[in-house]
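So the structure is just underneath, and the comments pick up after that.
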Amino acid sequence: MNWINQLNGTADYIVLDKVTGEVALPRVGLVLSKMEIKRIVELVPDGRSPHQIAVLIKDDVALQPTAHWVYAYVFSSFGGTSSKLAKKLADGLSIPLEKLSIPYQES
């Protein structure tokens, strides 16, 4: 795990400020309003590890039809803990959880 952290940094994966409603993803350099996050996504490649946990963001501040969608990586989880972590994150943010399964070759 030390080797992975050296590649990805040692900052927190996600930080929630309950007072301001801001969600920070320090490893990708994003600070978002909780309202911008539309889904927590758990990406499962054919039931294999690792599962990828991400947030789906819709940038519609300007409320224009050209709004952009962003899939922001949060972390990968090995073993059987990913679904529990994704659900805990979704519940903690009161945001729906979407579980997507894709063929391993396409992941």
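Suppose we keep only residues that are modelled with pLDDT of 85 or more and either part of a loop (DSSP other than H, G, I, E, B) or among the acidic types (Asp, Glu) (or both) within the range 91-107. Which one would you say is nearest to Leu43 (Cα to Cα)?
Out of the qualifying residues, it is Glu98.
Scan the range 31-72 residue by residue and report those that are at pLDDT 80 or above, among the polar types (S, T, N, Q) and exposed (fewer than 15 other Cβ atoms within 10 Å of the Cβ).
Across the range 31-72, the qualifying residue is only Ser33.
Can you tell me how many residues in the range 73-90 are open to solvent by less than 70 Å² (accessible area, probe 1.4 Å), under 22 Å from Leu32 (Cα atoms) and outside any helix (DSSP H, G or I)?
So the answer is 3.
Going by the conditions given, is Leu16 open to solvent by 40 Å² or more (accessible area, probe 1.4 Å), at pLDDT below 85 and not in a helix (DSSP H, G or I)?
Here the answer is no, as Leu16 does not meet what is asked.
The values are calculated or read from the model by the stated rules, or taken from the named source; none is laboratory data. These numbers were taken from a predicted model, which means no experiment stands behind them. Note: ideal-geometry Cβ built from the backbone for every residue, glycine included; neighbour counts use all protein chains shown. What goes into the accessible areas is simple: the full protein's heavy atoms, side chains included, and nothing from ligands, DNA or RNA. Shrake-Rupley method; radii C 1.70, N 1.55, O 1.52, S 1.80 Å.
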